[in-house]
Each structure stands twice: as C-alpha cells, then as structure tokens.
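The values are calculated or read from the model by the stated rules, or taken from the named source; none is laboratory data. No experiment lies behind these values; they were computed from the predicted model shown. Positions of Cβ are backbone-derived with ideal geometry, glycine not excepted, and every protein chain shown enters the neighbour counts. All accessible areas refer to the heavy atoms of the entire protein, side chains included, with ligands and DNA or RNA removed. Shrake-Rupley method; radii C 1.70, N 1.55, O 1.52, S 1.80 Å.
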Amino acid sequence: MALKENYAERMEKLAEPVLEEIGLSLYDTEYVKEGSEWYLRVYIDKQGGVDINDCVKATDALNPILDKENFIEDAYIFEVSSPGLGRTLTKDKHYEKSLGEKVVVKLYKAVDKQKEFEGILKVFSETAIVIAVDEKEMSFERKDIAKCSLAVEF
C-alpha cells in the first residue's frame, strides 16, 4: 500500500470518532500532491449539509490530534471541506447512501463509443455497479470506472 494511502487511512481512523463527538460525520480522507504541495484533506458531512462553521469546528478539533500524532514527516497543507453536491463515490458506504440517486459514471475506456454515462444507481457490489440509463440497465466493473459522482441538477 502506498504511503499516501496509509496517511489517509490513519487520518480516517483518528478523525472519525472526533467528528462524531462534535456532530459531524467523516465522508472521506485523502493525501494528495497537487503541483509541488502535499494536501491532507478531510471531507465532512452531516444531515442537511455542512457550512464553513462546521469546517472550522472540525479543523479546531482535528489540529491538536495531528500535532500530537505527528505521523506525516513531510510538509503538507491540512484542509477540511464538504464533499460537495457532485461528491465522488469511492467507498461502499458512498454507494450505499446513493442508491436511487442519479450518478455520472466516467470510464477509462469507451463502451459503445462513449466514456460517460448518467443514470440512476440501482445496485452496487464490491466489483461492479448497475445504473438505469433511459429504459435499460448498464453494468460497469468498478475497476473500469475512472470516476463516479452524484449528478448535479439545477
């Protein structure tokens, strides 16, 4: 497992109980390099959505833990954010919560000369998802999905 995944997993284990204690839930964590900077991001959620005050509250609660644990040797930027309306579905818990919702699936390789599909998430498993597109159901292997996110409709 890559070091960056270890950092994200460790942060997830540390953050989850702290966030629950202050009325928030952990959506996801990531440790990524963007340009020359490393970012440790914690995505939070709650019923009705999060606002800037929730992000500040979570940051204030998590910063002392990061200082104490000090498990990332390199310099990084710590951010707390909402996963947003078009949140990316990466884990089983994300797919479970999104059953019956409209999703956008982007594939690495084209299927029927198309790399992007939009439909209602019907079923998911550890290895595949099924969406209803118009009048038919389409199945995609999760390993073939570049990105699956909630569709944003205005």
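Restricting to region 89-99, count the residues that are open to solvent by less than 50 Å² (accessible area, probe 1.4 Å) and of a type outside the set (A, V, I, L, M, F, W, C). Result for region 89-99: 3.
Select from region 50-64 the residues that are in a helix (DSSP H, G or I), closer than 14 Å to LEU26 by Cα, open to solvent by less than 70 Å² (accessible area, probe 1.4 Å) and not acidic (Asp, Glu) and list them in ascending order.
Taking region 50-64 and keeping what is in a helix (DSSP H, G or I), we get 52-64.
Subset that is closer than 14 Å to LEU26 by Cα: 54-55, 57-59, 61-62.
Subset that is open to solvent by less than 70 Å² (accessible area, probe 1.4 Å): 54-55, 58-59, 61-62.
Selection gives CYS55, ALA58, THR59, ALA61, LEU62.
Give the number of residues within region 104-129 that are open to solvent by 30 Å² or more (accessible area, probe 1.4 Å) and of a type outside the set (S, T, N, Q). Even if it seems obvious, please write down each step before you answer.
Here is the first cut: in region 104-129, the residues open to solvent by 30 Å² or more (accessible area, probe 1.4 Å) are 106, 108-116, 118, 120, 122-127.
Checking the rest, the ones that are also of a type outside the set (S, T, N, Q) come to 106, 108-113, 115-116, 118, 120, 122-124, 126.
Residues in region 104-129 being open to solvent by 30 Å² or more (accessible area, probe 1.4 Å) and of a type outside the set (S, T, N, Q): 15 in total.
The residues of region 131-153 that are in contact with an Asp or Glu (Cβ under 9 Å, 6 or more places away or on another chain) and either within 10 Å of LEU107 (Cβ to Cβ) or of a type in the set (D, E, K, R) (or both) amount to a single one, ARG142.
Over 21 Å from the mean Cα position of the chain (by Cα), under 17 Å from VAL18 (Cβ atoms) and surrounded by fewer than 16 Cβ atoms within 10 Å (Cβ to Cβ): which single residue out of GLU135, GLU69, GLU73 fits that description? Result: GLU69 is the single residue among GLU135, GLU69, GLU73 that is over 21 Å from the mean Cα position of the chain (by Cα), under 17 Å from VAL18 (Cβ atoms) and surrounded by fewer than 16 Cβ atoms within 10 Å (Cβ to Cβ).
Here region 50-73 is the region considered, the condition is being out of contact with any strand residue (DSSP E or B) (no Cβ under 9 Å at 6 or more places or on another chain) and of a type in the set (S, T, N, Q), and the residue that is modelled with the lowest pLDDT is ASN70.
Let's see how each residue does on (1) open to solvent by 30 Å² or more (accessible area, probe 1.4 Å); (2) touching a Phe, Trp or Tyr at 6+ places or on another chain (Cβ under 8 Å):
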| position | (1), (2) |
| --- | --- |
| ARG10 | yes, yes |
| LYS13 | yes, no |
| LEU19 | no, no |
| TYR31 | no, yes |
| GLY35 | yes, no |
| LEU40 | no, yes |
| GLY48 | yes, no |
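Residue pairs whose Cβ atoms lie under 8 Å apart, separated by 6 or more positions or on different chains, with the first residue in region 103-116 and of a type in the set (Asp, Glu) and the second in a strand (DSSP E or B) and at pLDDT 95 or above, are GLU116/VAL104; GLU116/VAL105; GLU116/LYS106; GLU116/LEU107.
Checking each residue of region 15-23 against the condition of being farther than 20 Å from LEU85 by Cβ, in a strand (DSSP E or B) and either modelled with pLDDT of 95 or more or out of contact with any Cys (no Cβ under 9 Å at 6 or more places or on another chain) (or both) gives no match.
Quick grid of which residues meet (1) outside any strand (DSSP E or B); (2) over 28 Å from SER139 (Cα atoms); (3) in contact with a strand residue (DSSP E or B) (Cβ under 9 Å, 6 or more places away or on another chain):
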{"position": "GLU30", "(1), (2), (3)": "no, no, yes"}
{"position": "TRP38", "(1), (2), (3)": "no, yes, yes"}
{"position": "GLY48", "(1), (2), (3)": "yes, yes, no"}
{"position": "ALA75", "(1), (2), (3)": "yes, yes, yes"}
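For PRO83, the conditions (1) under 21 Å from GLU153 (Cβ atoms); (2) open to solvent by 30 Å² or more (accessible area, probe 1.4 Å) are fulfilled apart from (2).
A quick yes/no check of all residues on (1) in a strand (DSSP E or B); (2) farther than 20 Å from TYR43 by Cβ:
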{"residue": "THR90", "(1), (2)": "no, no"}
{"residue": "VAL104", "(1), (2)": "yes, no"}
{"residue": "LEU107", "(1), (2)": "yes, yes"}
{"residue": "GLY119", "(1), (2)": "yes, yes"}
{"residue": "LYS122", "(1), (2)": "yes, yes"}
{"residue": "VAL130", "(1), (2)": "yes, yes"}
{"residue": "GLU137", "(1), (2)": "yes, yes"}
{"residue": "PHE140", "(1), (2)": "yes, yes"}
